[in-house]
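One structure is given here, and the rest of the page talks about it.
Each value in this text was obtained by applying a stated rule to the coordinates, not by laboratory testing. Model, not experiment: these values are computed from the prediction. Note that we place each Cβ from the backbone using ideal geometry, even for glycine, and neighbour counts take in every protein chain shown.
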Amino acid sequence: MCGIVGAWLNEPGDGGVQALLVEGLRCLEYRGYDSSGLGIIQPDELIVRRRQGRLAKLESLLAESGDAPALLGIGHTRWATHGEPSDGNAHPHQDAGRRVALVHNGIIENYLDLRHEVEAAGIELQSATDTEVLTQIIGIELSKGSEPLEAVRSCLERVRGNYAIALVTREPKERLICARQGPPLCIAQSERGVFLASDVMALLPYTRQITFLEDGDIAELTRSKVSIIRLNGERVERAPRQVDWDAESADKQGYAHFMLKEIHEQPDVLARAFHGRIDVERGDVQLEGDSFSDAALSKMQRLQVTACGTALHAGYIAGYMVEGLARVPVDVDYASEFRYRNPKLSEGTYALGISQSGETADTLEALRLAIRLGAHGTCIVNSISSSMVRDCQGMISIEAGPEIGVASTKAFVAMLVASYLLAIRTARARGTVTAEAASQLLRDLRELRPKLSTLLSDERVAKVRAIAEHVVDSKGFLFLGRGINYPVALEGALKLKEISYVHAEGYPAGEMKHGPIALIEPGMTTLALAPKGRLAEKLRSNIEQVKARGGRVICVGSDPGCHAVSDEGLAVPDTNEWLSPILNVVPLQLLSYFIAELKGCDIDKPRNLAKSVTVE
Ligand code: F6R
């Protein structure tokens with residue numbers, strides 16, 4: 001939800017701060033891409049360049065403008081919340097006196113009140129955004145003689161909402177300031193200067209030592225030091241932390257899209273997610289922290305999972321695993337529903353948030369609510385420097401590395417591995433699975449990597465592409481699954497909708513006859529998730545029902561009986577029931593990728609979406 005960068009260089013180098021800000025925005029474009037802009041301080045003026053559309057449009061504008069290389073500036077890539085995507089609503093916004101330029105990620109809830117305040121001061125607002133209001137208020141404060149940091153602090157004191165902001169001031173002095181209340185912001189200092197960004201990925205070219213702002217922090221950055229105050233003016237220190245992700249992971253490395261690269265990374269991601277955590281001989285799992293000790297887990301009475309989107313689908317699967325193996329009652333809920341339904345949590349509840357970014361606003365708030373209601377807060381996350389990790393007592397890091405494609409793929413697989421580890425650890429702590437049985441479960445996990453690699457062989461990938469060609473013009477898609485593969489059906493449908501813009505629904509196969517079967521007719525494609533096992537025969541009947549009504553069925557799974565009655569098939573190696581989603585989802589990811597490619601869609605940046613959803 002919008003990407004922010006800022007820099008103050010010691011030397012202009014090639015292209016000055018403009019070039020570095022554009023590079024930073026390229027890393028963050030996944031966060032929003034309907035417009036972008038820069039605000040640059042030149043010796044005697046503040047220059048703002050902004051353009052609706054992709055970053056390339058801004059680059060052309062910058063090339064035409066021929067501005068001299070500068071040292072100090074901010075940049076933004078936008079995902080619109082207030083005001084349509086347009087040049088005028090793009091960030092940065094400037095105050096009437098052109099002293100300050102500001103970029104913002106988030107939503108200012110009381111912006112209408114603040115807007116009236118600005119209008120009452122005789123200022124005519126130039127955009128429909130909530131952001132400009134902040135800019136104008138800071139401008140008013142500066143015009144009254146306030147120091148820049150104090151002008152920002154006093155403005156933010158009046159703001160209700162959720163924001164990360166960065167701004168440059170030209171008068172009374174040149175300053176680079178940023179503040180956080182919700183969406184992430186981090187800072188890096190190196191011999192080249194000082195930098196800030198919404199995501200560490202944009203800072204890794206400069207250093208691995210990163211300072212993460214906390215909610216309520218306001219930071220003033222000069223080339224020699226970073227000073228941080230709280231909203232009440234009190235000074236605080238935030239020590240930098242070492243970040244181990246590398247900048248190359250944010251590269252496509254020869255793949256046409258990040259999504260394809262990330263799908264192909266999955267065997268490695270899977271192995272990383274359990275590396276150093278499983279003890280096959282003892283039949284147990286090591287998870288860091290007291291939350292996952294025998295003593296703590298044996299007191300768990302209930303697990304409440306909350307998440308959004310793909311992470312929620314991982315959450316449903318986690319629910320099947322924990323309930324099935326550890327015999328703990330589990331509830332899984334949309335984070336956005338949980339937080340507004342006045343939930344009642346019983347004693348001994350573990351709250352589990354699942355999130356790639358660790359910054360999804362609804363998941364964060366749902367977890368915070370559960371913790372306020374007495375739950376023990378835990379999370380499964382990719383970004384270990386995220387707010388979610390700070391809020392929780394226990395954390396399982398999925399170790400997937402940066403995920404850039406907006407459609408989540410490798411993070412999903414890694415979330416499933418983390419959930420499997422949690423389920424086995426909980427089961428062992430509670431004695432619901434023997435050491436021998438757990439050993440077998442862990443051996444199955446260890447054997448999964450080559451099976452996953454098989455699914456990504458050139459031949460298998462070509463088969464998925466051929467099927468994509470057969471079904472690309474289908475009227476619609478129905479994804480059917482049973483048991484632990486029902487959430488895989490949901491995930492297959494979500495992937496297809498979000499990147500190909502075709503209608504797709506995921507359904508429990510047994511529920512089809514209660515309504516969705518009316519959709520079946522020639523031209524409609526059904527994907528049936530068919531692992532071998534106790535539910536295969538039932539699924540086979542569902543496939544027959546679709547076929548009897550003229551629907552085309554593509555079988556995805558290891559059950560030969562289901563393949564035999566389907567029109568086409570994508571064979572998947574066999575594994576235990578709990579792990580089958582990890583394999584079954586891969587052909588579905590590839591199928592949506594190829595359908596999107598055949599339709600000419602923008603795969604890594606699907607319309608209307610953004611990677612990190614830091615607004616409600
Ligand atoms: C779908 C997708 C989204 C995210 C959702 C939660 O491909 O990426 O549905 O899964 O926005 O995001 P995180 O995992 O960052 O909380």
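D by Stokes-Einstein for the stretch 423-480, Kirkwood Rh over Cα pairs, 37 °C, 0.692 mPa s: 221 µm²/s.
Looking at the stretch 98-170, the GluC sites (Glu not before Pro) that sit in a DSSP loop and have at most 15 other Cβ atoms within 10 Å of their own Cβ are Glu109, Glu124.
Entry note, the stretch 3-248: relative contact order of 19 percent, from Cα contacts under 8 Å with a spacing of 6+ residues. Computed from the alpha carbon positions, the gyration tensor of the stretch 456-603 leads to an equivalent ellipsoid with semi-axes of 21, 18, 14 Å, biggest first. With Cα atoms as the point set, the stretch 3-248 shows a radius of gyration and Dmax of 16.3, 50 Å. Projected onto their three principal axes, the Cα atoms of the stretch 146-270 cover extents of 54, 34, 26 Å, largest first. Restriction of the trypsin sites (Lys or Arg not before Pro) in the stretch 280-352 to DSSP coil positions whose beta-carbon has at most 16 other beta-carbons within 10 angstrom yields Arg282, Lys299, Arg327, Arg341, Lys344. Hey, what did the chain get for relative contact order, percent, Cα under 8 Å, at least 6 apart? Reported as a whole number, the value is 12 percent.
As a ratio to 2.2 N^0.38 Å, the alpha-carbon radius of gyration for the stretch 386-445 is 1.37.
Our note on the geometry: Cα centres of the stretch 197-270 and the stretch 15-34, 14 Å apart.
What FRET efficiency do you get for Ser298 and His503 if R0 is 35 Å and r is their Cβ-Cβ distance, rounded to the nearest 0.05? So the FRET efficiency works out to roughly 0.15.
Taking amide H atoms as placed 1.01 Å from N in the peptide plane, the amide H of Arg482 lies under 5 Å from those of Ala509, each 5 or more residues away in sequence or on another chain. Assuming R0 = 22 Å, can you tell me the calculated FRET efficiency for the pair Ser65 and Gln126, based on Cβ-Cβ distance, to the nearest 0.05? My answer for the efficiency is 0.70. Taking the alpha-carbon centroid of each part, what is the distance from the stretch 35-56 to the stretch 513-582 in angstrom? The distance from the Cα centre of the stretch 35-56 to that of the stretch 513-582 comes to 52 Å.
Pairs of lysines in the stretch 251-446 whose Cα atoms sit within less than 25 Å of one another amount to 4, provided the residues are eight or more positions apart or on different chains. Excluding same-chain neighbours fewer than eight residues apart, the lysines reachable from Lys513 by a Cα-Cα span under 17 Å are Lys538, Lys547. Tell me, how many Å apart are the Cα centres for the stretch 403-462 and for the stretch 300-336? Each part reduced to its Cα centre gives a spacing of 16 Å. Over the C-alpha atoms of the stretch 1-51, the Rg to Rh ratio, Rh being the Kirkwood estimate, stands at 0.98. Loop only per DSSP, at most 14 neighbouring Cβ atoms within 10 Å: give me the trypsin sites (Lys or Arg not before Pro) in the stretch 69-177, ordered by residue number. The qualifying sites are Arg98, Lys144, Arg158, Arg160, Lys173.
Each peptide in 40-47, 84-91, 479-486 gets a packing score, the mean of other Cβ atoms within 10 Å over its residues, and the list from highest to lowest is 479-486, 84-91, 40-47. Building the convex hull from the alpha-carbon atoms of the stretch 251-446 and averaging its projection over directions returns 10.2 nm². Principal semi-axes of the equivalent ellipsoid, √(5λ) from the alpha carbon gyration tensor of the chain, are 45, 27, 22 Å from largest down.
Where a ≥ b ≥ c are the square roots of the eigenvalues of the C-alpha gyration tensor, would you call the stretch 286-384 rounded, which needs a/c under 1.5, or, failing that, prolate if a/b is larger than b/c, or oblate? In terms of gyration-tensor shape, rounded. Residue by residue, the stretch 151-166 carries 3J(HN,Hα) couplings of 4, 5, 4, 6, 5, 5, 4, 8, 8, 10, x, 9, 8, 10, 10, 9 Hz when phi is fed to the Karplus relation 6.51 cos²θ - 1.76 cosθ + 1.60 (θ = phi - 60°); x denotes Gly or Pro.
Between Glu616 and Glu234, 0.36 nm times their residue separation minus their Cα-Cα distance comes to what?
134.6 nm
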